[in-house]
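Only one structure is covered here, and it is reproduced in the block below.
The values are calculated or read from the model by the stated rules, or taken from the named source; none is laboratory data. Bear in mind the structure is a predicted one, so any value in this text is a computation, not a measurement. With ideal geometry, Cβ positions are generated from the backbone for all residues, glycine too; neighbour counts draw on all protein chains shown. The area values use the complete protein model at the heavy-atom level, side chains included, leaving out ligands, DNA and RNA. Shrake-Rupley method; radii C 1.70, N 1.55, O 1.52, S 1.80 Å.
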Amino acid sequence: MKERLKKILSKFEREERLRLRVRRGDKLPLMMAIACIITAAATYMVLSGTAAYAKKLVALRAIKPESSDYELRGYSYEPATTKRNILLSVTDEEEPCRIHIFTFDEDKHTLDISDIPPDTLVSCGGFEGTLAEAYETEVYTEIVSMALNLHIDGSMSVSTETVADSVNLLGGVKLTLDKELKIGENIISKGERTVMGSVAGIILSDSDSYTDGDADRIDAYHQLLISFISTLKEKGAVEWVSLTIDLLVNHVETDMTVSEIIELINLLNETSTKNININLITTENSK
């Protein structure tokens, strides 16, 4: 498989300059290029996603839906036609330390990221507990969807180790701290620097920042996330996908198809960094 990927990438690199110098908004060349890179992994991802979806669907049928209750309260459960909502969970030692909803607006080319503390309490569809506890169920995505009254188009789960490895493969990400940060036994000095995977992993796994109410540590994470996305955009979709293809195939769990992932990459590629916003979702229902 690795040799096949190398051949595909080598061939693509020779043709890239001729095929990809097109106006902004022309999706076809980018989609073709990325599709070539991940063709070797397509069957694996589709079958894995199908199996996972089938298990979740069986489990979901055992949960009493609350859609009728939503209608009585005047809420609409219809998805926004121009938006894509993606549930992204980051785990540390197999437990979620970061939970996000990435909302892509296809018309406005914006990305709104909702940062939801894993200890947020929810009660819906027969489930009562924290989002972290919901993660252990077969219907985690459905619980989040019902709790937020939000249609979710797809979900992804990735470990802090995988993200840290991605940061290393990308050559690091930029981070500027106005003051020294103390995270557990680790101290990160203030100033501007390019951080590698080890430091990124420390900040990423710091879920205690929510319960501690430490705005500086939460802000450092948000800055890290924006910087990571900016680095992807600076590298260009073709380059960063080729750099991280092994991690994408073997270490990212998702219920999305290859074509859906390619479309998300296109949406990210079309979104300016200045049009990316992160909002911390705080509620009274937290431990």
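Things to note:
- Other residues whose C-beta falls under 11 angstrom from the C-beta of Gly201 contribute a net charge of -4, scoring Lys and Arg +1 and Asp and Glu -1.
- Here the 3J(HN,Hα) profile of the range 164-171, calculated from phi with Karplus coefficients 6.51, -1.76 and 1.60 at θ = phi - 60°, is 4, 5, 5, 4, 5, 5, 7, x Hz, Gly and Pro shown as x.
- Using a Förster distance of 22 Å, the FRET efficiency for Leu169-Thr273 (Cβ separation, nearest 0.05): 0.65
- For the range 166-287, a simple Cβ point-charge model (Lys and Arg +1, Asp and Glu -1, everything else neutral) yields a dipole of about 400 debye relative to the Cα centre.
- Rounded to the nearest 20 debye, the dipole magnitude of the range 219-287 is 260 debye, with +1 charges on Lys and Arg beta carbons, -1 on Asp and Glu beta carbons, and the Cα centre as origin.
- Out-of-range pairs (alpha-carbon distance over 29 Å; input Lys190/Lys233; Lys83/Lys274; Lys83/Lys182): Lys83/Lys182
- Accessible surface, the range 179-249, averaged per residue in Å² (probe 1.4 Å): 47 Å²
- Debye log10 I(q)/I(0) for the range 149-287, one point scatterer per Cα, at q = 0.16 Å⁻¹: -0.98
- Relative protection proxy for 156-167, 241-252, from highest mean packing down: 156-167, 241-252 (other beta-carbon atoms within 10 angstrom).
- Residue-by-residue Karplus 3J(HN,Hα) for the range 99-104, coefficients 6.51, -1.76, 1.60, Hz, glycine and proline x: 10, 9, 10, 8, 10, 8
- Summing Lys and Arg as +1 and Asp and Glu as -1 over all other residues whose Cβ lies under 10 Å from the Cβ of Met256 gives a net charge of -4.
- For Thr120, residues with placed amide H under 5 Å, excluding near neighbours: Leu131, Ala132
- Interchain or long-range residues, amide H under 5 Å from Cys97's placed H: Val90, Thr91, Asp92
- Ranked packing of 111-120, 144-153, most packed first, by mean Cβ within 10 Å: 111-120, 144-153
- 5 angstrom amide H check on Ile183, placed H, neighbours 5+ away: Ile188
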